[in-house]
Amino acid sequence: MKKFYTILAAAAVTLSASAVKPITEILPANSAEVTVSKSANFAVADAKKSVRAGQKYKVQGESRAAATVDDITEWPYAGEFYSLGTANSGWNGPNTMLVIPVEGNQVMITGLWHQNLRLTGTYDAAQGTISIPAKQNFTVNTQAGEATCTVALLDVKSSPYKQLDKDIVLNVDAANRNIWYDAETYTANDGNAYYAEIIGMCTDAGTYYDFIGSIDAYMFNSYMDWVYAVTDANDQIQPAQASAPIWVEVADGKIGIDNFLNAGYTAATVELTLDKAAKTATATKALLGQASVSATQKVSFYLWGFEEVGENLSVTPTVVFEGAAAQYEDGTPCTVFTTPYCGIFDETGNYYLSDENYTAISTQFVVDGDVFSGAGIGNVTVADENAPVEYFNLQGVRVENPSNGLYIRRQGNTATKVLVK
């Protein structure tokens with residue numbers, strides 16, 4: 001069987017996977033920093049990582065055009081970032097990124113590309129942007145010890161690099177739950193595209209710590225876990241585990257899942273049909289996207305079931321998830337869905353997407369609430385408005401003494417998100 005490793009398109013929209021790469025390495029392999037006087041040109045590949053296809057599943061079936069701060073701060077994000085000129089050059093992540101409401105349209109962004117990074121900005125719903133003021137500071141650990149680091153846009157055409165007095169502007173697509181950033185570029189006399197400016201972090205010692213060219217983040221509210229088959233050094237098949245953040249919604253007898261089996265958030269949403277009597281969720285030949293497997297051949301990929309692991313898989317277009325009522329550690333209802341043997345194949349089964357998702361021996365994901373009876377956190381009724389206050393983390397686990405983070409606060413039948421400092 002032939003292998004194909006990266007999905008390149010979402011819902012028949014061709015997607016280039018070319019990554020942005022620097023012409024020269026900026027940091028020595030054994031160093032975490034480079035002096036400010038160091039200079040290099042940053043080449044830009046002929047395409048970006050993502051295409052925002054707009055083929056996402058929505059509960060009301062329409063775009064949330066009048067998005068508010070609540071829409072973009074509702075859940076955490078899985079964020080990837082393109083790092084330039086370091087030992088980890090290339091796409092890294094995903095990191096768990098939070099956009100936390102502060103006051104009015106002010107937000108705090110954590111984990112943008114470093115887990116201890118805290119940046120404040122202003123959300124403009126009409127423009128679809130988050131503007132982060134220039135030259136914000138945070139503390140970072142370097143090889144030389146703890147240091148204050150300034151985050152700013154850099155003019156990389158100058159030598160040494162010049163810190164610019166302009167905002168870092170993140171793009172926001174609230175309807176598709178996507179936040180991204182692409183650095184400005186220019187076309188040089190040689191006809192090639194180069195970065196004109198990038199995000200940089202400069203320590204108080206005057207050295208640059210990191211360079212970021214692109215950011216791509218998607219909101220998630222659940223995880224998909226699966227076991228897949230790998231071949232060991234003795235040519236024996238062994239199980240391995242994988243997990244990926246997903247966005248899952250339930251509406252009108254359907255379940256919609258983005259990033260199914262880690263196929264990518266720009267892949268088409270997998271739609272499952274609920275059967276409440278049988279307690280199942282079923283997908284039949286669900287299309288994820290189209291990819292180029294050669295210079296002249298494009299292939300459509302679907303979610304398929306199969307019977308056993310091996311070179312000659314017997315595939316079926318229908319995948320059935322068995323649902324079971326469950327509860328989180330705090331007793332809040334949820335529904336667990338499991339299925340054996342599913343993966344992402346073309347129509348003939350000759351091509352598939354990576355070992356991790358083409359040989360999914362067992363797959364599981366969780367939905368908030370009991371989707372078969374309708375019982376869930378939103379259905380809990382407490383007549384007394386002075387009911388005890390309870391706190392839960394973003395995974396639904398009850399927390400007795402919350403501190404320093406974003407939590408769900410529940411009192412009676414009211415649940416809200418709160419930032420505890």
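If the segment from Ser362 to Glu103 were pulled out straight at 0.36 nm per residue, it would be longer than the present Cα-Cα gap by 88.8 nm.
Amide H to amide H, with H built 1.01 Å from N, Val102 comes under 5 Å of Val107, Met108, counting only residues 5 or more places away or on other chains.
Sorted on the mean count of surrounding Cβ atoms within 10 Å across their residues, most packed first, peptides 349-361, 178-190 read 349-361, 178-190.
Fully extending the segment from Glu184 to Asn350 would add 55.7 nm, taking 0.36 nm per residue of separation and subtracting the current Cα-Cα distance. Ordering 117-127, 297-307 by mean Cβ neighbour count within 10 Å, with the highest value first, yields 297-307, 117-127.
Amide hydrogen proximity for Thr316: with H placed 1.01 Å from N in the peptide plane, the residues at 5 or more positions away or on another chain lying under 5 Å are Gly305, Phe306. For Tyr223, nonlocal amide neighbours, meaning residues 5 or more places apart or on other chains whose placed amide H falls under 5 Å from its own, are Ile246, Val366. Largest accessible area first, the listed residues Ile132, Ile237 line up as Ile237, Ile132 when surface is computed with a 1.4 Å probe on the assembled protein chains.
The values are calculated or read from the model by the stated rules, or taken from the named source; none is laboratory data. Being a predicted model, the structure only gives us computed values, none of them experimental. When we count neighbours, we look across all protein chains shown, and the Cβ atoms used for this are built from the backbone with ideal geometry, even at glycine. The accessibility values were calculated without ligands, DNA or RNA, using every heavy atom of the protein model including side chains. Shrake-Rupley method; radii C 1.70, N 1.55, O 1.52, S 1.80 Å.
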